[in-house]
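The values are calculated or read from the model by the stated rules, or taken from the named source; none is laboratory data. Owing to the predicted nature of the structure, the values given are computational and were not obtained by experimental measurement. Neighbour counts are summed over all protein chains in view; Cβ atoms, including those assigned to glycine, are modelled from backbone coordinates with ideal geometry. Each accessible area value is taken on the protein alone, full model and side chains, heavy atoms only, with ligands, DNA and RNA left out. Shrake-Rupley method; radii C 1.70, N 1.55, O 1.52, S 1.80 Å.
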Amino acid sequence: MWGERLVGVINVVREAGSVFDDEDIRLMTLFASHIGGAIETAWLFAEAKRRVQEMEALQRTSLQLTSSLDLSTVLDGITQSTLKLVGARDCHIYLYDDANETFTFGAALWDDGQRAPAVKAPRRNGLTATVARWSHPAITNDATRHPLYAGYDAQKWGVRAIAGFPLKRAGRVMGVFTIAFVEPHVFDDHELRVVGLLADQAAVAIANARLYEMAHQRLIERQKA
């Protein structure tokens, strides 16, 4: 125990015929309390180390995303950083036109390095489209039982857990990125917080890249005039 929290169980086994006396129980109880404190300390240290690594990764990601104004480079950087941070099977990004409610493929990355998308366009009533309409993340730890993955086309992908995040800027959804696992996975609060921060950075980077593209296109048109 650590305080009122159960952090583990230790079992002590003796040969048949021997018994534990009061002194044995006292010593094992004392030993167990020391182990409980050591486990809690190790967990706290591991969590602190994890947070430092996450913040360092986010800082590197931010610098990478803001160092380029090329949209394709930005999108590729988002997928690379996401897989590195959460260890998912794949990450997909689809850009969203909220005026026409349509999607265009942005980028994809799989854990084996492939970059081909699972589908050219998201399903009309799938998770990606739902995230875009709600303008809010959608997370499921068991896609096999989720209504959005009840159809045959969705089931054949073998997704076990998936999360989708809107890429928003000034209240507008500019895209959606998803991270998927084919092994059982439960998204914890720290993981969702990190990916949420990454989504915010990605949205800014995409907005800057789009503004740059628009300005560059206008400059070309003026030069031709």
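Things worth noting here:
- Members of the stretch 99-126 found to be open to solvent by less than 90 Å² (accessible area, probe 1.4 Å) and more than 19 Å from R89 (Cβ to Cβ), listed by number: A99, T102, F103, T104, A121
- Qualifying residues in the stretch 156-165 (those that are outside any strand (DSSP E or B) and of a type outside the set (A, V, I, L, M, F, W, C)) - the one modelled with the lowest pLDDT: K156
- Residue in the stretch 143-155 that is of a type in the set (D, E) and modelled with pLDDT of 90 or more present: no
- Scan of the stretch 5-38 for residues that are open to solvent by 50 Å² or more (accessible area, probe 1.4 Å), in a helix (DSSP H, G or I) and not polar (S, T, N, Q), ordered by number: D22, E23, I25, R26, L27, M28, L30, F31, H34, I35, A38
- Hey, F177 touching a His at 6+ places or on another chain (Cβ under 8 Å) and farther than 18 Å from L69 by Cβ or not: yes
- Checked against (1) more than 22 Å from the chain's Cα centre (by Cα); (2) modelled with pLDDT under 85; (3) open to solvent by 90 Å² or more (accessible area, probe 1.4 Å), L63 passes all but a single condition, namely (1).
- Which listed residue, of Q155, Q223, is without any contact (Cβ under 8 Å) to a residue 12 or more places away in the chain, open to solvent by 70 Å² or more (accessible area, probe 1.4 Å) and farther than 22 Å from D111 by Cβ: Q223
- Every condition in (1) outside any strand (DSSP E or B); (2) open to solvent by 80 Å² or more (accessible area, probe 1.4 Å) holds for K168 except the one numbered (1).
- Long-range neighbours under 8 Å by Cβ, at least six apart or interchain, first residue over 14 Å from Q80 (Cβ atoms) and in contact (Cβ under 8 Å) with a residue 24 or more places away in the chain within the stretch 90-119, second open to solvent by 50 Å² or more (accessible area, probe 1.4 Å) and of a type in the set (V, I, T): Y94/T104; L95/T104; Y96/T102
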